Amino acid sequence: MKFFSIKTIVSFGLATLPFIAFSQTNTSGTIIIPNTEVPFLNLTPDSRSGAMGEAGVAISPDVNANYWNPSKLAFLQEDDDVALSYSPWLRQLIPDISLSYLSYAHKIDDRNTIGASLRYFNYGTIQLTDIHQNNQGTYSPNEFSVNASFARKFGDDFSLGLTAGYIHSNFSNSSFSSGSGAQVRAGNSVAAGVSLYYKKQTQQFGTDGIFSFGANISNLGSKINYSNDGPKYFLPANLKLGIADLINLDDFNQLTLTFDVNKLLTPAPPVRDGSGNIIQGKDDNVSVPASVFGSFSDAPGGFSAVLKEFTFSPGIEYWYNQLFALRAGYFYQNANDPYITYAGGAHYLTLGVGFKYTEFNFDFSYIAASQQNSPLANTLRFTLIANFGGTKNSGKR
């Protein structure tokens, strides 16, 4: 049997604090035990939306709609689009944690588009030691998901999308076992999602514009567990709603204002006493469908507590001559959110730039926050997009 060194336990705990469920005990002895896993599925992968306060449900389509709103893929202009995104994660704490995202889309015809994506989260390298602090090698936990999407236009202004995916979460190797002696193993699950997108040509301030609305429900799937007899955890089922207003100021200048609202569709963990009895909230041992509908009414503290579960993301994007972009946004999560999610209670400013050259786009984003406000402070994201395979591009991003 191998063990983590104390240093490794502390380092790994800090590194994964925003991502791995853990229990909290307050001064009165009550306990909150989160019931979700694989929250890496809801981490913003790309730089464009990452620079706009993590808003992307309703902005103009690009290939990263595979994550934000797959129904938007139906409105892509090129026949084929591919994007690669990379972000060193929590780099102020641990240097070798990263999120990578590969996204692809292909237009079948004017109405139908298919998409695929691969998301990989690397938790870095962990030093293993035995009980006598002897070196037992290293281990690299990781998680990944693979998704496929189909989007179809219905008319010129509306589209729907369907998504299916496979999730693999591996935090163990042959050295690990649970306290009961059961062998710990990798967790696997499948998930689905549904999305919609609507846009309307408008006249604003004497010039052309596009107002759009988007919605995406994602990560609806079977519970995941890490041993044969261990507890089962919900996937982080999620609802994103967004609006965007694109204004063509003139032939060279374009402005987009956007606003996203986000909410987890998993049961809020109840408050329990030291014996495990529920003293506030509702039992979270329910089915996946019941958890989705119940997530709007089960928070300890009533409906006012449910409202604290929403996060808000206003953002702005400016393009000059479709060659150079400036972006900014703000991410806000209530400090009393009963869910323990990544960067709980976070609020931070996001900034970014974009460059377009022929068929290529390069985007960069930065989280401008202090370490006190967010462990994600100074996080960088990089995205490269290639558009190829056709002459359907209208010149509007």
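For this structure, a couple of remarks:
- Set K72/K232; K107/K199; K199/K240; K199/K356; K107/K263; K223/K282 screened for pairs whose C-alpha atoms are more than 28 Å apart: K72/K232; K107/K263
- Put simply, the amide H of T350, placed in the peptide plane, has neighbours under 5 Å in G53, G329, Y330, F331, A368, leaving out anything fewer than 5 places away on its chain.
- Least to most buried among E309, E317 (fewest other Cβ within 10 Å first): E309, E317
- Extents of the range 95-248, taken as max minus min of Cα coordinates on every principal axis and listed largest first, are 75, 33, 26 Å.
- S212, S287, S98, S145 arranged by Cβ crowding within 10 Å, fewest neighbours leading: S287, S98, S145, S212
- In order through the range 122-128: 3J(HN,Hα) via Karplus (6.51 cos²θ - 1.76 cosθ + 1.60), integer Hz, x for Gly, Pro: 9, 8, x, 9, 10, 7, 9
Every number in this text was worked out from the coordinates using simple rules, so none of it is lab data. Owing to the predicted nature of the structure, the values given are computational and were not obtained by experimental measurement. Every residue, glycine among them, receives a Cβ derived from its backbone with ideal geometry; neighbour counts consider all protein chains shown.
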